[in-house]
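Visitor: Take a look at the following structure, please.
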Amino acid sequence: MSVLDPRSIITLSALMGLVMAMVLFFVRRSYPRKLQGGLRLLAASPLAWFTAAGLYGLRDVAPDWLTVVLANLILLLGTLLFSVGLQHFFQGWARWRLWAGLILASTPVVAWFTLVEPNYGVRLLVVNGLLCGLFLQQIRYLMQQPTSFGLRFTMVAMGAQTSVLVLRMVSVAAGLAGHSMMEPGLLQVVYVSSNAMSVQMLTIGAVLLATERLRREFEHVASHDSLTEALTRRAVLELAENELARLQRYGEPLSLMMLDLDHFKDINDLQGHQQGDAVLVDFANRTRAVLRRPDQLGRYGGEEFLVLLPATDARAARVVAERVRLAPPSRPELACTVSVGLTTALGPDDSLDAMLSRADQALYLAKREGRNRVCEA
């Protein structure tokens, strides 16, 4: 059997697909639970492609309903699994029923033009048309996600395979498609080889996407408070230093406010720390809801928070501070008033330590004057 024989390439593709499926299957176990569902589907996809390639390799040995009809069905379902896996991986849910219906509806058509009126060209148009549609939908979906190397790699792999599928359908119209995938010849070898390469490239793309997502998860954990999802003290102070550098370069105003929940110790002592945690979470959520897009909320320590207000002068900062103070709790039992200390950068020579000191003094003044108020320094 020649190395360039389509059957040899399909057999090799099947084995490589199995290896890549195993790689993804074992890789997913080291990822957070919320990512494992999508990775499980992405791992099942090359396994389905492996099964389809194995059935294709049995052409002229096993019956056509197995090596053509069932093999094409599994190939399409494997591609749908990849699409669903990507959506689950990025957003935790997926739309799949329409495509599943189209794939199932195509099966009788493929069966008819295989078992009743054999026509390789029609089968090619039906199956490749669905594959193109699935790949184009995936490319469109990926274009809506935050860009990264893994994302671009996966889209290029899909785009290349879609181009091959389109050219293959054009070959049907030109009468160059032949009569079987197993026919010897350059066109069949290129087509089968591109399918084999696509399996590997898409699986590598899935691994890259998973690795990048895990890195982002670690970065999020390192920079966000695990209870309130506010920025950590270190992260919000780093942002404040960056904004001060922007002030020095461009002269944009900068304000910050220090917030402290009133009588929070009493909540912990009288109602328990679990209730105290619920109050903190609710306060962080309602504060984020009233902040503007550029504003950043950080947990400074305990029940104390810091809000960074880029490009905000004293008057605008006061408006934001009052909005935060008056934001209602999601439930009455989570109510807790807040005292706010507000300060604005005095100029390009101002320092973060000086601003924090002034905000702390203003917060102390708000507490001394009766709490549940905004004071400036």
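Visitor: At E369 and R234, where each label point lies 7 Å from the Cα along Cα→Cβ, what is the point-to-point distance in nanometres?
Guide: Distance between label points: 3.6 nm.
Visitor: Could you run the Karplus curve 6.51 cos²θ - 1.76 cosθ + 1.60 with θ = phi - 60° over segment 282-292 and give me ³J(HN,Hα) per residue in whole Hz, x for Gly and Pro?
Guide: Listing the rounded values in order: 5, 5, 4, 5, 6, 5, 4, 5, 9, 6, 7 Hz.
Visitor: Can you tell me the orientation of helix 233-250 relative to the chain, as the angle in degrees between its alpha-carbon axis and the longest Cα principal axis, to the nearest 10?
Guide: For helix 233-250, the angle is close to 80 degrees.
Visitor: Can you pull the Rg over Rh of segment 79-224, Cα-only, Kirkwood?
Guide: 1.06
Visitor: Roughly how tilted is helix 97-111, in degrees to the nearest 10 and between 0 and 90, from the longest Cα axis of the chain?
Guide: The helix 97-111 is inclined about 0 degrees to the chain.
Visitor: Follow-up question, since we're still on this one. Mind computing the radius of gyration and Dmax over the alpha-carbon atoms of the chain? Å is fine for both.
Guide: 29.8, 91
Visitor: With the chain treated as a Gaussian network of Cα nodes joined by springs under 10 Å, which of A321, A210, A21 yields the largest mean-square fluctuation?
Guide: Looking only at A321, A210, A21, the biggest GNM fluctuation is shown by A321.
Visitor: Here is a further query. Give, in whole angstrom and from largest to smallest, the semi-axes √(5λ) of the equivalent ellipsoid of segment 210-292, with λ running over the eigenvalues of the Cα gyration tensor.
Guide: 28, 21, 10
Visitor: Hey, what number do you get for the chain at 222 nm if only DSSP H runs of n ≥ 4 count, each worth -39500 (n - 2.57), divided across all residues, to the nearest 500?
Guide: Value at 222 nm, helices only, nearest 500: -22000 deg cm²/dmol.
Visitor: If the label point is 7 Å along Cα→Cβ of D353, which residues in segment 302-334 have backbone nitrogen under 20 Å from it?
Guide: none
Visitor: Given springs between every Cα pair under 10 Å in a Gaussian network model of the chain, which of L352, L165, L42 has the largest fluctuation?
Guide: It is L352.
Visitor: Counting only protein heavy atoms and a 1.4 Å probe, tell me what percentage of the chain's accessible area is made up of carbon and sulfur.
Guide: Here it works out to 62 percent.
Visitor: Most fluctuating residue of G57, G133, G78 in a GNM of the chain with Cα springs under 10 Å: which is it?
Guide: Per the Cα network of the chain with a 10 Å cutoff, G133 tops the list.
Visitor: Within segment 274-304, report the trypsin sites (Lys or Arg not before Pro) that DSSP leaves as loop and that have at most 13 other Cβ atoms within 10 Å.
Guide: Sparse-neighbourhood loop trypsin sites (Lys or Arg not before Pro): R292.
Visitor: Could you tell me the relative contact order of segment 47-169? Use alpha-carbon pairs under 8 Å, at least six residues apart, and round to a whole percent.
Guide: 22
Visitor: So with the 1.4 Å probe, I'd like the accessible area per residue for segment 1-160, rounded to whole Å².
Guide: 49
Visitor: Antiparallel DSSP bridges in the chain: what percent, to the nearest 5?
Guide: Close to 85 percent.
Visitor: Please give the FRET efficiency for A311 paired with D60, using the beta carbon to beta carbon distance and R0 = 51 Å, rounded to the nearest 0.05.
Guide: On the way: r = 71 Å, r/R0 = 1.40.
Efficiency at R0 = 51 Å is approximately 0.10.
Visitor: Consider all pairwise Cα distances in segment 45-121 and report the whole-number % of them above 17 Å.
Guide: Tail of P(r) above 17 Å: 50 percent of Cα pairs.
Visitor: Let me ask something additional. Taking Rh as the Kirkwood radius computed over C-alpha pairs, what is the Stokes-Einstein D of segment 224-338 at 25 °C in a medium of viscosity 0.890 mPa s, expressed in µm² per second?
Guide: 168
The values are calculated or read from the model by the stated rules, or taken from the named source; none is laboratory data. Remember, predicted model here, so these are calculated numbers, not experimental data. All Cβ positions, even for glycine, are placed from backbone atoms using ideal geometry, and neighbour counts span all protein chains on display. SASA here: full protein model, heavy atoms, side chains in, ligands and nucleic acids out. Shrake-Rupley method; radii C 1.70, N 1.55, O 1.52, S 1.80 Å.
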